[in-house]
Amino acid sequence: MTITITAFERSPDRGNGLARDMRVRWALEEVGQPYDVRLLSFKAMQEPAHLALQPFGQIPTYEDGDLALFESGAIVFRIAERHAGLLPDDANARARAIAWMFAALNTVEPPVFDRALARILERDQPWYEQRLAALEDIIRKRLDGLSRRLGDADWLDGAFSAGDLLMVTVLRRLQGSDLLAEHPNISAYVARGEARPAYKRAFDAQLAVFTAASKG
Ligand code: GTB
């Protein structure tokens, strides 16, 4: 049975690959697993059929046989556990790669996502500039740590892993900002991730959805 994931019918990011189905698509492409996509309107995301899969009415979800999953990190982990290519075989190296998955989602993504939300939703608030500066301070601390650890390596811990995949998808939200540009090794790391053929296939697939929706 083919894996099915869900994604926005019309992504607000206009096909820029910032919605969280992108990381699931990329993981599936890295391990060579074909997949179908069920596209959802915002209305359909709140309907019982989707809420049974995703309690918060969000995308992405993942269905494979009798397994239904939500949370993009859990989905990427499942893919990485079941197929070679995204987690090392050595037990300690595997544990470290998983730690980087958590670091991406738990330590780096929250302030990065909050900054993106603030820039969209809070611009008109009198405290917007202070809030933005506070979030950017936190992000700078995270990027300093990441940059120090990455050094001049290609990936965070040896071979490319699910930790890198998640970290790159998180950092892409900072593209175009000074925050990334302040760390040339992190900018190059993101570019390396985006240059992977699997990344490109995933990006093109989600962009094609937006392009088709715009024509329709
Ligand atoms: N922790 C969950 C996970 O990792 O799976 C979070 C899932 C999530 O936030 N999904 C978002 C969603 O469904 C889409 S990705 N939102 C609708 C809702 O909450 O009702 C977040 C996102 C949204 C929009 C853009 N964009 O426009 O650029 C980018 C990313």
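The values are calculated or read from the model by the stated rules, or taken from the named source; none is laboratory data. Remember, it's a predicted structure, so these values are computed and weren't measured experimentally. Don't worry about glycine lacking a Cβ; one is built from the backbone with ideal geometry, like all the others, and counts go over all protein chains shown. With ligands, DNA and RNA removed, areas are computed over all heavy atoms of the protein, side chains included. Shrake-Rupley method; radii C 1.70, N 1.55, O 1.52, S 1.80 Å.
Points worth noting:
- Hits in the stretch 114-133 (condition: of a type outside the set (D, E, K, R) and open to solvent by less than 60 Å² (accessible area, probe 1.4 Å)): Ala116, Ala118, Tyr128, Leu132, Ala133
- Among the residues making up the stretch 22-62, those that are of a type in the set (Asp, Glu) and open to solvent by less than 50 Å² (accessible area, probe 1.4 Å) are Glu29, Glu30.
- Close pairs (6 angstrom Cβ cut-off, 6 or more residues apart or separate chains): assigned by TED's automatic domain parsing to the domain that holds Leu28 in the stretch 193-213, part of a helix (DSSP H, G or I) and open to solvent by 60 Å² or more (accessible area, probe 1.4 Å) anywhere: none
- Tabulated pairs, the stretch 130-157, first at positive phi, second open to solvent by less than 70 Å² (accessible area, probe 1.4 Å) and at pLDDT 95 or above, C-beta under 9 angstrom, 6+ apart or interchain: Gly151/Asn185
To keep it simple, each residue is scored yes or no on (1) more than 17 Å from the chain's Cα centre (by Cα); (2) under 18 Å from Val209 (Cα atoms); (3) outside any strand (DSSP E or B).
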residue: Met1; (1), (2), (3): yes, no, yes
residue: Arg23; (1), (2), (3): no, yes, yes
residue: Leu69; (1), (2), (3): no, no, no
residue: Ala80; (1), (2), (3): no, no, yes
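- Evaluation of Ala80 against (1) more than 12 Å from the ligand (Cβ to nearest atom); (2) surrounded by fewer than 18 Cβ atoms within 10 Å (Cβ to Cβ); (3) of a type outside the set (Val, Ile, Thr) (one fails), failing number: (2)
- The residues listed here are Ala7, Ala19; of these, the one that is in a loop (DSSP other than H, G, I, E, B), in contact with a strand residue (DSSP E or B) (Cβ under 9 Å, 6 or more places away or on another chain) and either modelled with pLDDT under 95 or crowded, with 19+ Cβ neighbours inside 10 Å (or both) is Ala19.
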